[in-house]
Amino acid sequence: MISFPTALDALDVARWQFGITTVYHFILVPLTIGLSVMVAIMETMWLKTQKEHWLKATKFFGRLFLINFALGVATGIVQEFQFGMNWSEYSRMVGDIFGAPLAIEALLAFFMESTFLGLWIFGWGKLSPKLHATMIWLVAAGVNLSALWILGANSWMQHPVGATLNPATGRFELDGVGGFFQVVANPTLWLTFFHVVLSAWLLAGTFIAGLAIWWMVRAANSGEEGEKQARNIWRPVARFGLLIMFIGGIGTAISGDLQGKHLIAEQPMKMAAAESLCHTEKGAAFTVFSWGNCEGDNEPTKIIEIPYLLSFLATNDPTAEVKGVKDLQQEMVQAFNNNEAFKAQYGDASQYSFAPPANAVFWSFRLMIGLGLFSMLLAFAGLWLTRKGALPRQKWLSTLALISLPMPFLGASFGWIFTEIGRQPWVVVPNFATGADPVGDVFMMTQAGVSGSVSAGAMLASLIVFTLLYAALGVVWYWLMRRYALEGVSNKPTGEGQNHDLAFSY
């Protein structure tokens, strides 16, 4: 049987450290994913149309993309080191599986994106226009491949496939080549990947539209020359960003709905906690506001319930049955007590609560959705006010654009918090709801993954150092992004013979 730390201090500090550094890093990731594709589209539009505003937009948002990419790399390096520092037991147990997609990401995707990004930065005026545009498309491909492999590793933790427990080594191992392809074909991976990419489009579209609208309104109210810049540069760029917002928003909603239905089947406890559903119900209502949990005799306080909506969202049937936290807890205790692998490692299942922290899961789920919907206000307002060649001058629109900028960043972060906290107390979630064997032998509780040889004091020291370092990097990121965003674009014509090198500003 696995021996756990005598106190939970080391486990708690390790979880806090991983959570803080991951959220810091993930703030930057969606913008990198979305903006890489958008900058590639802008440069391609310039090649196709030779319209000056597309070249100016490519350079303007290209600089911001480079800043974000560099800070994303700096904050992401620590993530993989933490598996060895604070989660060595986890790494030992799952390294043969979990390490494969991370290795592919580093050796293939990261080197691909970094190599072609260097050629794109220093290739202005040196590479042919078509070859130069190809470089940024290869960067975008590398960024998205990087996301795919990282999400592949995480999706295996959410729904492990293609692996078995080797009783001789006590480790999880792939079922040969076929097991690797099962990991790649994991439906959890592909639903998550499309949801992440489409939400990154929503975020990047908000970023582009927010800055372009702010500049458009400011320029339109600054005289004849400014009005010309607003109409010829910022308005078409704003319309482009607004269109991407709309596409990304609709795609995020559809992929999120599909992912939610998948979670009902694969991780029913996560979704039951996210809906404050304590008892199994037919025609379950969707709760708008709730506080409390379903532990013991507790019942959460619910405010505003929409009848039948939860059952409909979960199954497309408003009268369908949805399992509640307390019933799932009983089912899981019975299933795990009948599972020899679980009993050998963890003992009696009745001593554990298999429900995630209720309030954190409930509110992170709603904040993810609500903040994403807020961005769509800008999409609808901007598209309406810029229709038929109109050039809006309303200052409230520029204020809305600025307020909208952080909303998808926060929404994406809360989505990641929901995903990770919602699978607790598991670091590798058992396939409880699938197959003839309701559990199998591939699972791992979070408390079993923490490093036994690293003291809570050492973890706390590194937590403080990383938090302060990331805070400093966050200040640098904000200062650089704000500086170059306020710098705007030049009013001078950008002829093809000019030096378009983006590196000179650094």
Return the calculated 222 nm mean residue ellipticity for the chain, to the nearest 500 deg cm²/dmol, obtained by summing -39500 (n - 2.57) across DSSP H runs with n ≥ 4 and dividing by the residue count. -22500 deg cm²/dmol
Roughly how many whole Å is it from the C-alpha centroid of region 242-312 to that of region 322-397? 7 Å
Put +1 on the Cβ of every Lys and Arg and -1 on every Asp and Glu Cβ in the chain; which of Gly118, Ile20, Leu469 then has its Cα farthest towards the positive end of the dipole? Gly118
Estimated distance in nm for a label pair at Ile403 and Glu227, the labels positioned 7 Å out from Cα along Cα-to-Cβ: 2.8 nm
The rounded separation in angstrom of the Cα centers of region 67-112 and region 149-168 is 15 Å
Determine the gain in length on full extension of the stretch Trp396-Thr169; use 0.36 nm per residue of separation and subtract their C-alpha separation, reporting nm with one decimal. 75.3 nm
The ³J(HN,Hα) series, computed from each phi in region 140-146 with the Karplus coefficients 6.51, -1.76 and 1.60 at θ = phi - 60°, rounded to the nearest Hz and given as x for glycine or proline, is 4, 5, x, 4, 6, 5, 4
Grab the alpha carbons of region 340-431, take their convex hull, and tell me the volume per residue in Å³. 105 Å³
So which of Lys130/Lys228; Lys130/Lys388; Lys59/Lys130; Lys59/Lys228; Lys228/Lys388 end up more than 24 Å apart by C-alpha? Lys130/Lys228; Lys130/Lys388
Under 16 Å Cα to Cα from Lys302, which aspartates and glutamates show up? Leave out anything in the same chain fewer than 8 places away. Glu275, Glu281
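If I stretch the segment between Asn338 and Leu486 completely, what's the gain in nm (0.36 nm per residue apart, minus their alpha carbon distance), one decimal? Provide the component values of the computation, followed by the final result.
Numbers: separation 148, 0.36 × 148 = 53.28 nm, distance 6.27 nm.
Taking Asn338 through Leu486 to full extension adds about 47.0 nm, to one decimal.
How do 17-30, 316-329 rank on mean C-beta neighbours within 10 Å, highest first? Numbers along the way, then the final one.
Working: 17-30: 20.7, 316-329: 17.9.
Ranking the peptides 17-30, 316-329 by packing returns 17-30, 316-329.
Would you work out what percent of the accessible area of region 100-209, with all protein chains in place, is carbon or sulfur (probe 1.4 Å)? Intermediate results must be reported in sequence, preceding the final value.
Values: 3400 of 4350 Å².
Carbon plus sulfur share of accessible area: 78 percent.
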May I ask you to give the solvent-accessible area per residue for the chain, in square angstrom, as obtained with a 1.4 angstrom probe? 44 Å²
Amide H to amide H, which residues 5 or more places from Gly324 or on other chains are under 5 Å from it, using H placed in the peptide plane? Thr280, Glu281
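The values are calculated or read from the model by the stated rules, or taken from the named source; none is laboratory data. Values in this document were obtained by computation on a predicted structure and should not be read as measured data. As a convention, Cβ positions derive from the backbone with ideal geometry for all residues, glycine included, and neighbour counts pool all protein chains shown. Ligands, DNA and RNA are stripped out before the accessible areas are found, and what is left, the full protein with its side chains, is counted by its heavy atoms. Shrake-Rupley method; radii C 1.70, N 1.55, O 1.52, S 1.80 Å.
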